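A quick write-up on the structure given underneath.
The values are calculated or read from the model by the stated rules, or taken from the named source; none is laboratory data. Quick caveat: nothing in here was measured; it's all calculated off a predicted structure. Don't worry about glycine lacking a Cβ; one is built from the backbone with ideal geometry, like all the others, and counts go over all protein chains shown. Just the protein is used for accessible areas: all its heavy atoms, side chains included, with ligands, DNA and RNA removed. Shrake-Rupley method; radii C 1.70, N 1.55, O 1.52, S 1.80 Å.
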Amino acid sequence: MGEQIRRAASAIVGRDGPEGLEVIVLQRSAASRFLPGYVAFPGGSTDREDEELAVRWFGSVEESGRACAVRELVEEVSLVLTADGLGPGDALEAVDAAPPSTSQLEDIAHWVAPPIVPVRFDARFYAVRAPAGVDPVPDGSETAEAWWITPRRLLEDWRAQRRLLYWPTYFTVDALATCSSVADLFALRIQTREPDDVELERLPRSTFWQD
């Protein structure tokens, strides 16, 4: 039986690139308790601070997921989302000065981990638009690397066993591979599900289990 479920949020930051949609991903630190070395989107667990930030930025505690996504962008990859858009930064004061709107963080996926998962999350994934010239900077602690990549290229790296993807990330990236632009990303609604028996047999064990 897994531990008590925790709320979480991730930001899927996208931009229009020469080969279509590009997204920011990160590689989790080897010291991470959960999924060390795996590729993920910027994000993490929501906490009491996020509830306070949600009221401050969005006027409702119900938006703690969006607040968490904004906070994690700052902490993990030094990017700040304000009413003026996404830009470099390492402090939340810029968000306080000009909070983003909820429409700048489009809710495109909702993942709830089953009881057999050792670390259970009830996670929301939000799409965020990035302008040209904005690059992630990994924090060097929780985040070992951070980079722009097309979803299709990331899937190629995963198939070649150059990168590790956990099931919700794999499934999400596979859906993102159908998008050719940020407009497509914002219009995307991912119907999440657990893997079927064929997928459990066919896909690498690392997709489902942290050994």
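So how do 123-130, 15-22 stack up, highest first, on mean other-Cβ count within 10 Å?
Values: 123-130: 23.8, 15-22: 16.1.
Taking the mean over residues of other Cβ atoms within 10 Å, the ranking is 123-130, 15-22.
Once you keep just the Cα pairs under 8 angstrom separated by 6 or more residues, what percentage relative contact order results for the chain?
It rounds to 27 percent for the chain.
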Practice item. Tell me which residues come under 5 Å, amide H to amide H, from residue 166 once H is placed; ignore anything under 5 positions away on its chain. Key: 39
Check your understanding: Over what distance in Å are the Cα centres of the stretch 44-93 and the stretch 135-200 separated?
Key -> 22
Exercise for review: Based on the mean of other Cβ atoms within 10 Å per residue, sort peptides 67-74, 139-146 so the most packed one is first.
Suggested key: 67-74, 139-146
Study note, to complete from the structure: The answer for the stretch 52-179, accessible area per residue at 1.4 Å probe in Å², is 44
Exercise for review: Taking amide H positions as placed in the peptide plane 1.01 Å from N, state which residues far from residue 121 in sequence (5 or more) or on other chains have amide H under 5 Å from it.
Suggested key: 6, 113
Review point. Got a number for carbon plus sulfur as a percent of the chain's accessible area, 1.4 Å probe?
Key: 48
Point to revise | Angle between the chain longest axis and helix 167-176 axis [Cα atoms, degrees, rounded to 10] | key: 70
Study note, to complete from the structure: Percent of all Cα-Cα pairs per 5 Å bin for the stretch 69-211, counting from 0 up to the last occupied bin, reads 2, 8, 15, 19, 22, 18, 10, 5, 2, 0, 0
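Please state, as a whole number in µm²/s, the translational diffusion coefficient that the Stokes-Einstein equation yields for the stretch 43-150 at 25 °C and 0.890 mPa s, with Rh defined as the Kirkwood radius across alpha carbon pairs.
Calculated translational D: 169 µm²/s.
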Point to revise | Relative packing of peptides 47-54, 159-166 - highest average C-beta neighbours within 10 Å first | key: 47-54, 159-166
